[in-house]
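Beneath this line is the structure, given in C-alpha coordinates, with notes to follow.
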Amino acid sequence: MADTPAISVEDLWQVFGDNPSEAFERARAETSSPKEIAAALEARHLIPAVRGVSFDVAPGELFVIMGLSGSGKSTVIRGISRLVEPTSGTIRLDGEDIRAASKKRMTELRRSKIGMVFQHFGLFPHMSVIDNVAFPLKVGGMNRRARHEKVRPILDMVGLEGREDAFPRELSGGQRQRVGIARSLAGDCSIWFLDEPFSALDPLIRRQLQDEFLDIRKRLNTTIVFITHDITEALKLADRIAIMRDGHIVQIGTPADIVLNPVDDYVHDFARDVARGRHATVDTIMRDADGGAGPDDPGLRPDMTLEDALAACMRLYKPVPVRDADGDVLGLVHPQDLARALQAEKA
(Lines give C-alpha, C1' and ligand atoms only; values in the text may rest on other atoms or scores of the structure.)
Protein backbone atom coordinates (compact mmCIF):
# COMPACT_ATOMS: atom_id res chain seq x y z
CA MET A 1 0.00 0.00 0.00
CA ALA A 2 1.21 3.50 -0.85
CA ASP A 3 0.36 4.71 2.67
CA THR A 4 2.44 2.04 4.41
CA PRO A 5 5.39 3.64 6.24
CA ALA A 6 8.81 2.48 5.13
CA ILE A 7 9.71 2.24 8.83
CA SER A 8 7.24 2.00 11.69
CA VAL A 9 8.43 1.83 15.29
CA GLU A 10 5.97 1.54 18.16
CA ASP A 11 6.75 1.57 21.89
CA LEU A 12 10.36 0.42 21.44
CA TRP A 13 12.26 -0.40 24.63
CA GLN A 14 15.90 -1.40 24.88
CA VAL A 15 16.97 -2.47 28.36
CA PHE A 16 20.48 -3.65 29.23
CA GLY A 17 21.41 -5.79 32.22
CA ASP A 18 20.59 -9.20 33.67
CA ASN A 19 17.35 -10.77 32.37
CA PRO A 20 16.11 -7.48 30.85
CA SER A 21 12.95 -8.91 29.24
CA GLU A 22 11.78 -10.49 32.49
CA ALA A 23 12.55 -7.35 34.48
CA PHE A 24 10.80 -5.17 31.91
CA GLU A 25 7.62 -7.26 31.90
CA ARG A 26 7.56 -7.24 35.69
CA ALA A 27 7.96 -3.46 35.76
CA ARG A 28 5.31 -2.94 33.08
CA ALA A 29 2.88 -5.12 35.04
CA GLU A 30 3.22 -2.66 37.90
CA THR A 31 2.65 0.56 35.91
CA SER A 32 1.99 1.80 32.38
CA SER A 33 3.97 5.05 32.81
CA PRO A 34 7.26 4.99 30.83
CA LYS A 35 8.85 7.18 33.50
CA GLU A 36 7.82 4.83 36.30
CA ILE A 37 8.83 1.74 34.29
CA ALA A 38 12.26 3.26 33.74
CA ALA A 39 12.57 4.12 37.44
CA ALA A 40 11.61 0.56 38.42
CA LEU A 41 14.22 -0.87 36.05
CA GLU A 42 16.93 1.46 37.33
CA ALA A 43 16.05 0.44 40.89
CA ARG A 44 16.86 -3.13 39.82
CA HIS A 45 20.22 -1.93 38.42
CA LEU A 46 19.20 -2.22 34.76
CA ILE A 47 19.74 0.44 32.10
CA PRO A 48 16.66 1.51 30.07
CA ALA A 49 18.59 2.97 27.12
CA VAL A 50 15.49 3.39 24.91
CA ARG A 51 12.18 4.16 26.57
CA GLY A 52 8.93 3.72 24.66
CA VAL A 53 10.08 5.28 21.39
CA SER A 54 7.51 5.50 18.56
CA PHE A 55 7.74 7.07 15.10
CA ASP A 56 6.97 6.41 11.43
CA VAL A 57 9.23 7.24 8.47
CA ALA A 58 7.58 7.73 5.08
CA PRO A 59 9.04 6.13 1.94
CA GLY A 60 11.84 8.34 0.61
CA GLU A 61 11.96 10.51 3.76
CA LEU A 62 15.22 11.62 5.37
CA PHE A 63 14.49 11.29 9.09
CA VAL A 64 17.16 12.56 11.48
CA ILE A 65 17.41 11.37 15.07
CA MET A 66 19.54 13.66 17.19
CA GLY A 67 20.46 14.11 20.80
CA LEU A 68 23.38 14.37 23.16
CA SER A 69 25.75 11.48 23.82
CA GLY A 70 23.91 8.79 25.79
CA SER A 71 20.44 9.91 24.68
CA GLY A 72 19.75 6.53 23.02
CA LYS A 73 19.75 7.64 19.40
CA SER A 74 22.27 5.08 18.12
CA THR A 75 20.66 2.31 20.16
CA VAL A 76 17.38 2.99 18.35
CA ILE A 77 18.74 2.13 14.91
CA ARG A 78 20.64 -0.86 16.26
CA GLY A 79 17.33 -2.12 17.59
CA ILE A 80 15.45 -1.41 14.36
CA SER A 81 18.07 -3.35 12.37
CA ARG A 82 18.30 -5.98 15.13
CA LEU A 83 22.02 -5.56 15.56
CA VAL A 84 20.86 -5.69 19.18
CA GLU A 85 17.66 -7.51 20.08
CA PRO A 86 14.97 -5.08 21.31
CA THR A 87 13.51 -5.77 24.73
CA SER A 88 9.98 -4.84 23.68
CA GLY A 89 8.07 -3.04 20.96
CA THR A 90 6.98 -3.38 17.35
CA ILE A 91 9.23 -2.74 14.33
CA ARG A 92 8.00 -2.94 10.76
CA LEU A 93 9.96 -2.31 7.55
CA ASP A 94 7.64 -1.85 4.58
CA GLY A 95 4.96 -3.57 6.66
CA GLU A 96 7.08 -6.61 7.56
CA ASP A 97 7.31 -7.50 11.25
CA ILE A 98 11.07 -7.41 11.77
CA ARG A 99 10.99 -8.77 15.31
CA ALA A 100 9.33 -11.95 13.99
CA ALA A 101 11.96 -12.43 11.26
CA SER A 102 14.32 -15.39 11.51
CA LYS A 103 18.11 -14.94 11.56
CA LYS A 104 18.20 -16.12 7.95
CA ARG A 105 15.58 -13.54 6.96
CA MET A 106 17.45 -10.78 8.76
CA THR A 107 20.62 -11.72 6.86
CA GLU A 108 18.65 -11.47 3.60
CA LEU A 109 17.27 -8.06 4.59
CA ARG A 110 20.71 -6.71 5.46
CA ARG A 111 21.98 -7.84 2.07
CA SER A 112 19.03 -6.67 -0.03
CA LYS A 113 17.07 -3.96 1.80
CA ILE A 114 19.04 -2.39 4.64
CA GLY A 115 22.23 -0.37 4.15
CA MET A 116 24.25 0.79 7.16
CA VAL A 117 27.05 3.33 7.61
CA PHE A 118 28.73 3.99 10.94
CA GLN A 119 31.11 6.60 12.31
CA HIS A 120 34.02 4.15 12.25
CA PHE A 121 34.65 3.06 8.72
CA GLY A 122 35.19 -0.68 9.30
CA LEU A 123 37.11 -1.19 6.07
CA PHE A 124 39.20 -4.27 5.31
CA PRO A 125 42.81 -3.00 5.25
CA HIS A 126 44.03 -5.78 2.92
CA MET A 127 41.36 -5.07 0.30
CA SER A 128 41.36 -2.41 -2.40
CA VAL A 129 38.65 0.26 -2.53
CA ILE A 130 36.67 -1.58 -5.17
CA ASP A 131 36.87 -4.89 -3.30
CA ASN A 132 35.81 -3.21 -0.05
CA VAL A 133 32.79 -1.71 -1.77
CA ALA A 134 31.93 -4.95 -3.56
CA PHE A 135 32.33 -7.14 -0.47
CA PRO A 136 28.56 -7.46 0.25
CA LEU A 137 28.10 -8.73 -3.31
CA LYS A 138 30.93 -11.24 -2.82
CA VAL A 139 29.18 -12.56 0.27
CA GLY A 140 26.03 -12.86 -1.81
CA GLY A 141 27.84 -15.11 -4.29
CA MET A 142 28.32 -12.70 -7.22
CA ASN A 143 31.44 -13.31 -9.28
CA ARG A 144 34.32 -10.82 -9.21
CA ARG A 145 33.83 -9.35 -12.67
CA ALA A 146 30.07 -8.84 -12.20
CA ARG A 147 30.41 -7.23 -8.80
CA HIS A 148 33.15 -4.87 -10.01
CA GLU A 149 30.98 -3.82 -12.93
CA LYS A 150 28.08 -3.17 -10.58
CA VAL A 151 29.98 -1.02 -8.08
CA ARG A 152 31.98 1.15 -10.51
CA PRO A 153 29.04 3.56 -11.05
CA ILE A 154 28.64 3.76 -7.27
CA LEU A 155 32.32 4.68 -6.89
CA ASP A 156 31.83 7.42 -9.48
CA MET A 157 28.73 8.66 -7.63
CA VAL A 158 30.60 9.09 -4.34
CA GLY A 159 33.66 10.70 -5.94
CA LEU A 160 36.09 7.77 -5.83
CA GLU A 161 36.74 7.40 -9.53
CA GLY A 162 40.44 6.75 -10.08
CA ARG A 163 40.88 5.36 -6.55
CA GLU A 164 39.48 1.88 -7.22
CA ASP A 165 42.81 0.10 -6.67
CA ALA A 166 43.94 2.11 -3.65
CA PHE A 167 44.03 0.59 -0.17
CA PRO A 168 42.40 2.20 2.91
CA ARG A 169 45.78 3.26 4.33
CA GLU A 170 46.32 5.37 1.20
CA LEU A 171 43.07 7.31 1.60
CA SER A 172 42.12 10.43 3.56
CA GLY A 173 39.44 10.25 6.23
CA GLY A 174 36.85 11.69 3.88
CA GLN A 175 37.75 9.18 1.17
CA ARG A 176 37.51 6.28 3.63
CA GLN A 177 34.05 7.43 4.64
CA ARG A 178 33.07 7.58 0.97
CA VAL A 179 34.11 3.93 0.69
CA GLY A 180 31.83 3.10 3.61
CA ILE A 181 28.94 4.95 2.00
CA ALA A 182 29.54 3.24 -1.35
CA ARG A 183 29.67 -0.19 0.29
CA SER A 184 26.33 0.39 1.99
CA LEU A 185 24.81 1.25 -1.40
CA ALA A 186 26.19 -1.80 -3.22
CA GLY A 187 23.23 -3.96 -2.20
CA ASP A 188 20.62 -1.59 -3.71
CA CYS A 189 19.24 -0.83 -0.27
CA SER A 190 15.82 0.81 0.02
CA ILE A 191 16.34 1.69 3.71
CA TRP A 192 19.57 3.35 4.80
CA PHE A 193 20.79 3.77 8.39
CA LEU A 194 23.66 6.22 8.96
CA ASP A 195 25.06 6.60 12.46
CA GLU A 196 27.11 9.81 12.80
CA PRO A 197 28.88 9.06 9.50
CA PHE A 198 30.67 12.42 9.28
CA SER A 199 31.39 13.25 12.92
CA ALA A 200 35.01 12.01 12.86
CA LEU A 201 35.90 14.33 9.97
CA ASP A 202 37.24 17.87 10.06
CA PRO A 203 34.62 20.61 9.49
CA LEU A 204 35.52 21.43 5.88
CA ILE A 205 35.42 17.79 4.71
CA ARG A 206 32.30 17.25 6.77
CA ARG A 207 30.42 20.06 5.00
CA GLN A 208 31.62 18.79 1.63
CA LEU A 209 30.38 15.27 2.37
CA GLN A 210 27.05 16.61 3.60
CA ASP A 211 26.59 18.39 0.26
CA GLU A 212 27.60 15.26 -1.64
CA PHE A 213 25.28 13.17 0.51
CA LEU A 214 22.33 15.40 -0.40
CA ASP A 215 23.27 15.08 -4.07
CA ILE A 216 23.42 11.27 -3.78
CA ARG A 217 20.06 11.29 -2.06
CA LYS A 218 18.48 13.10 -5.01
CA ARG A 219 19.54 10.25 -7.30
CA LEU A 220 18.21 7.47 -5.07
CA ASN A 221 14.74 6.46 -3.96
CA THR A 222 15.93 5.56 -0.49
CA THR A 223 14.42 5.99 2.96
CA ILE A 224 17.06 7.32 5.33
CA VAL A 225 17.44 7.40 9.12
CA PHE A 226 20.42 9.60 9.96
CA ILE A 227 21.89 9.87 13.47
CA THR A 228 23.72 12.99 14.59
CA HIS A 229 24.39 15.12 17.67
CA ASP A 230 24.89 18.25 15.53
CA ILE A 231 21.84 20.51 15.16
CA THR A 232 23.37 22.31 12.15
CA GLU A 233 23.84 19.00 10.35
CA ALA A 234 20.30 17.91 11.27
CA LEU A 235 18.74 21.13 9.99
CA LYS A 236 20.72 20.95 6.76
CA LEU A 237 19.82 17.35 5.91
CA ALA A 238 16.47 16.48 7.43
CA ASP A 239 12.91 16.36 6.19
CA ARG A 240 11.95 15.78 9.84
CA ILE A 241 13.92 15.63 13.06
CA ALA A 242 13.34 13.59 16.21
CA ILE A 243 15.14 14.94 19.27
CA MET A 244 15.94 12.41 22.00
CA ARG A 245 16.73 12.85 25.65
CA ASP A 246 17.34 10.12 28.25
CA GLY A 247 16.08 7.39 25.96
CA HIS A 248 12.81 8.96 24.83
CA ILE A 249 11.73 11.30 22.06
CA VAL A 250 11.09 14.87 23.18
CA GLN A 251 9.89 16.35 19.88
CA ILE A 252 9.42 15.35 16.25
CA GLY A 253 9.05 18.05 13.63
CA THR A 254 10.36 19.72 10.50
CA PRO A 255 13.52 21.80 10.81
CA ALA A 256 11.34 24.92 10.93
CA ASP A 257 9.22 23.36 13.73
CA ILE A 258 12.30 22.61 15.80
CA VAL A 259 13.78 26.09 15.35
CA LEU A 260 10.59 28.15 15.67
CA ASN A 261 8.44 26.03 18.01
CA PRO A 262 10.61 24.10 20.49
CA VAL A 263 8.45 22.18 22.95
CA ASP A 264 10.70 22.79 25.96
CA ASP A 265 13.96 24.32 27.14
CA TYR A 266 15.94 21.22 26.12
CA VAL A 267 14.95 21.57 22.47
CA HIS A 268 15.28 25.35 22.66
CA ASP A 269 18.87 24.99 23.88
CA PHE A 270 19.74 22.88 20.83
CA ALA A 271 18.49 25.60 18.49
CA ARG A 272 19.61 28.58 20.58
CA ASP A 273 22.44 29.62 18.26
CA VAL A 274 20.73 28.71 15.00
CA ALA A 275 20.07 31.55 12.56
CA ARG A 276 16.32 31.11 12.17
CA GLY A 277 16.16 33.03 8.93
CA ARG A 278 18.29 30.38 7.24
CA HIS A 279 15.97 27.52 8.21
CA ALA A 280 12.48 28.95 8.76
CA THR A 281 10.52 29.20 5.54
CA VAL A 282 7.95 31.63 4.16
CA ASP A 283 5.01 29.30 4.79
CA THR A 284 5.60 29.62 8.57
CA ILE A 285 4.56 33.32 8.53
CA MET A 286 2.30 33.39 5.47
CA ARG A 287 -1.19 34.89 5.93
CA ASP A 288 -4.40 34.15 4.07
CA ALA A 289 -4.72 35.86 0.71
CA ASP A 290 -8.17 37.40 1.41
CA GLY A 291 -6.73 40.83 2.16
CA GLY A 292 -5.25 41.30 -1.29
CA ALA A 293 -1.71 41.87 -2.34
CA GLY A 294 0.06 44.97 -3.48
CA PRO A 295 0.96 45.55 -7.14
CA ASP A 296 4.48 44.13 -6.78
CA ASP A 297 5.31 40.43 -7.00
CA PRO A 298 8.90 39.60 -6.00
CA GLY A 299 8.37 35.89 -6.73
CA LEU A 300 8.10 34.45 -3.20
CA ARG A 301 7.62 30.69 -2.81
CA PRO A 302 6.49 28.90 0.37
CA ASP A 303 9.76 26.96 0.67
CA MET A 304 12.00 30.05 0.48
CA THR A 305 13.91 30.90 3.64
CA LEU A 306 13.02 34.09 5.46
CA GLU A 307 16.42 35.58 4.63
CA ASP A 308 15.94 34.99 0.90
CA ALA A 309 12.37 36.28 1.02
CA LEU A 310 13.36 39.46 2.81
CA ALA A 311 16.11 40.08 0.28
CA ALA A 312 13.55 39.68 -2.53
CA CYS A 313 11.13 42.27 -1.17
CA MET A 314 13.46 44.60 0.75
CA ARG A 315 12.10 47.76 -0.90
CA LEU A 316 8.41 46.79 -0.72
CA TYR A 317 5.97 47.93 1.93
CA LYS A 318 2.76 46.20 0.84
CA PRO A 319 1.72 42.54 1.19
CA VAL A 320 3.25 40.35 -1.50
CA PRO A 321 1.88 37.06 -2.82
CA VAL A 322 3.38 33.63 -2.20
CA ARG A 323 2.87 31.31 -5.16
CA ASP A 324 3.14 27.58 -5.70
CA ALA A 325 5.04 25.95 -8.55
CA ASP A 326 2.07 26.50 -10.88
CA GLY A 327 1.90 30.22 -10.12
CA ASP A 328 -1.28 30.05 -8.02
CA VAL A 329 -1.44 32.34 -4.98
CA LEU A 330 -1.20 30.41 -1.71
CA GLY A 331 -1.19 33.38 0.65
CA LEU A 332 0.41 36.71 1.47
CA VAL A 333 3.53 37.80 3.27
CA HIS A 334 3.95 41.24 4.78
CA PRO A 335 7.55 42.48 4.57
CA GLN A 336 7.32 43.69 8.17
CA ASP A 337 6.50 40.11 9.25
CA LEU A 338 9.70 38.91 7.61
CA ALA A 339 11.75 41.59 9.32
CA ARG A 340 10.04 40.90 12.67
CA ALA A 341 10.67 37.14 12.41
CA LEU A 342 14.35 37.69 11.64
CA GLN A 343 14.73 40.31 14.36
CA ALA A 344 13.22 37.93 16.95
CA GLU A 345 16.21 35.60 16.71
CA LYS A 346 18.55 38.43 17.68
CA ALA A 347 16.57 39.44 20.75
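Rounded, prolate or oblate: which fits segment 127-169, taking a ≥ b ≥ c as square roots of the Cα gyration tensor eigenvalues, rounded meaning a/c under 1.5, else prolate when a/b beats b/c?
oblate
Rounded to the nearest 5, what % of DSSP beta bridges with both residues in the chain are antiparallel?
Expressed as a percentage, antiparallel bridges in the chain total about 55.
Kindly provide the helix-only [θ] at 222 nm of the chain, computed as the sum of -39,500 (n - 2.57) over DSSP H runs of four or more divided by all residues, to the nearest 500 deg cm²/dmol?
-11000 deg cm²/dmol
Using alpha-carbon positions, what is the distance between the centroids of segment 119-155 and segment 225-273, in Å?
That distance is 35 Å.
Sorted from largest to smallest, which semi-axis lengths in Å does the alpha carbon gyration tensor of segment 42-95 give for its equivalent ellipsoid, taking the root of 5 times each eigenvalue?
After scaling each eigenvalue by five and taking roots: 22, 14, 9 Å.
Project the alpha carbons of the chain onto their principal axes and report the range along each, largest first, in whole Å.
66, 61, 41
What percentage of the solvent-accessible surface of the chain, computed with a 1.4 Å probe over protein heavy atoms, is contributed by carbon and sulfur atoms?
Answer for the chain is 48 percent, counting heavy atoms of protein chains only.
Mind listing the long-range amide H neighbours of residue 330? Cut-off is under 5 Å, sequence gap 5 or more, other chains count too, H placed in the peptide plane at 1.01 Å from N.
The answer is 322, 323, 324.
Quick one: order 228, 254 from most to least accessible surface, probe 1.4 Å.
254, 228
Can you give the accessible area per residue of segment 135-194, in Å², using a 1.4 Å probe?
Accessible area per residue, segment 135-194: 47 Å².
Does segment 134-196 classify as rounded, prolate or oblate by the C-alpha gyration tensor (a ≥ b ≥ c root eigenvalues; a/c under 1.5 gives rounded; else a/b over b/c gives prolate, otherwise oblate)?
Judged from the Cα gyration tensor, segment 134-196 comes out oblate (a/c at least 1.5, b/c at or above a/b).
Could you work out the per residue convex hull volume over the alpha carbons of segment 93-219, in cubic angstrom?
Roughly 115 Å³ of hull volume per residue.
Looking only at 327, 187, 122, which one moves most when the chain is put into a Gaussian network model with springs between Cα atoms under 10 Å?
327
Can you list residues from other chains, or at least 5 along the same chain, whose modelled amide H is less than 5 Å from the amide H of residue 250?
Amide H neighbours of residue 250: 243, 244, 245.
Lysines within cross-link reach of residue 103: Cα-Cα under 28 Å, excluding same-chain residues under 8 positions apart?
Once the sequence-local lysines are set aside, what remains near residue 103 is 73, 113, 138, 150.
Just the accessible area per residue of segment 33-105, please: how many Å² with a 1.4 Å probe?
44
Sorted by accessible area with a 1.4 angstrom probe, largest first, how do 81, 199 fall?
Largest to smallest exposure gives the sequence 199, 81.
Once you order the gyration tensor axes a ≥ b ≥ c over the Cα atoms, which shape class does segment 1-79 get: rounded for a/c under 1.5, otherwise prolate or oblate by comparing a/b with b/c?
Note, shape of segment 1-79 comes out prolate.
The values are calculated or read from the model by the stated rules, or taken from the named source; none is laboratory data. Remember, predicted model here, so these are calculated numbers, not experimental data. With ligands, DNA and RNA removed, areas are computed over all heavy atoms of the protein, side chains included. Shrake-Rupley method; radii C 1.70, N 1.55, O 1.52, S 1.80 Å.
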